[in-house]
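Have a look at this one before I ask anything.
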Amino acid sequence: LSYKLTLGPGEKDSVMFDVNLPYVPVGTKDKIKLSGLSLTNPYVITSASLYVTSNARNIYVPHDFAKIQPAIDFSSHFDSILVAPGTYHEHLNFGGKKIILKSEKGCDSTIVSKLSGGVCMVSFISGEDSNSVLDGFTLTGATLEFGYGAGIKCVNSSPKIINNKIINNRCPLGAGIACENHA
């Protein structure tokens, strides 16, 4: 971000900055340095630093919540949900939240498997964008008699889906991933 301000005689030398930062992972600090020439004395350089700390939380499954979906329901934008190895029998819906859902040990040890009912394994159907992240799971065992997106269903959404295995799911269209009207 670079911003130049020129003021006339008698005007105050203060500036308000509106800064949009990319997602700051939980527990990290980022530093922005603001600097410029003093308007009251052209030979003095003034500078300041602004420290930004994320208010996002880490939520742990199964330590904080026994299952993944209650952790998603509890989470707020920019939280991270970290899932311990194991097999979780449930269906997941991000509900429009800008969260990171990540397995602690990767897709070979963290499995989301079919619960009962003809519902897709993971749903992104509420306008999720690239701030909604699914990272490091095996999604398996979903069977839909009709419809689409047994493994992952995206409607009007463009989430970030990385480091996952989507296997042994069945439905007429998009047994692994199906996207409709993605952004």
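Is the stretch 152-166 home to any residue that is over 26 Å from ILE59 (Cα atoms), outside any strand (DSSP E or B) and touching a residue at least 24 places away in the same chain (Cβ under 8 Å)?
For the stretch 152-166, residues over 26 Å from ILE59 (Cα atoms), outside any strand (DSSP E or B) and touching a residue at least 24 places away in the same chain (Cβ under 8 Å): present.
Something else about it: Quick one: which residue in SER126, SER130, SER103 is surrounded by fewer than 15 Cβ atoms within 10 Å (Cβ to Cβ), closer than 22 Å to ASN58 by Cα and either modelled with pLDDT of 90 or more or among the acidic types (Asp, Glu) (or both)?
Exactly one residue qualifies, and that residue is SER130.
Scan the stretch 106-123 for residues that are modelled with pLDDT of 95 or more and exposed (fewer than 14 other Cβ atoms within 10 Å of the Cβ) and jot them down.
Of everything in the stretch 106-123, just one residue is modelled with pLDDT of 95 or more and exposed (fewer than 14 other Cβ atoms within 10 Å of the Cβ), namely ASP108.
Within the bounds of the stretch 159-168, is there any residue that is modelled with pLDDT under 95, open to solvent by 40 Å² or more (accessible area, probe 1.4 Å) and not β-branched (Val, Ile, Thr)?
yes
Only one of LYS153, LYS98 is open to solvent by 50 Å² or more (accessible area, probe 1.4 Å) and either touching a Leu at 6+ places or on another chain (Cβ under 9 Å) or modelled with pLDDT of 95 or more (or both); which?
Among LYS153, LYS98, only LYS98 is open to solvent by 50 Å² or more (accessible area, probe 1.4 Å) and either touching a Leu at 6+ places or on another chain (Cβ under 9 Å) or modelled with pLDDT of 95 or more (or both).
Scan the stretch 141-149 and give yes if some residue there is outside any loop (DSSP other than H, G, I, E, B), modelled with pLDDT under 95 and open to solvent by less than 80 Å² (accessible area, probe 1.4 Å), otherwise no.
Yes, that holds for at least one residue.
The values are calculated or read from the model by the stated rules, or taken from the named source; none is laboratory data. This is a predicted model, so every value here is computed, not measured. Methodologically, a virtual Cβ is constructed for each residue, glycine included, from the backbone with ideal geometry; neighbour enumeration extends over all protein chains shown. Remember, those area values only see protein heavy atoms, side chains included, never the ligands or the DNA or RNA. Shrake-Rupley method; radii C 1.70, N 1.55, O 1.52, S 1.80 Å.
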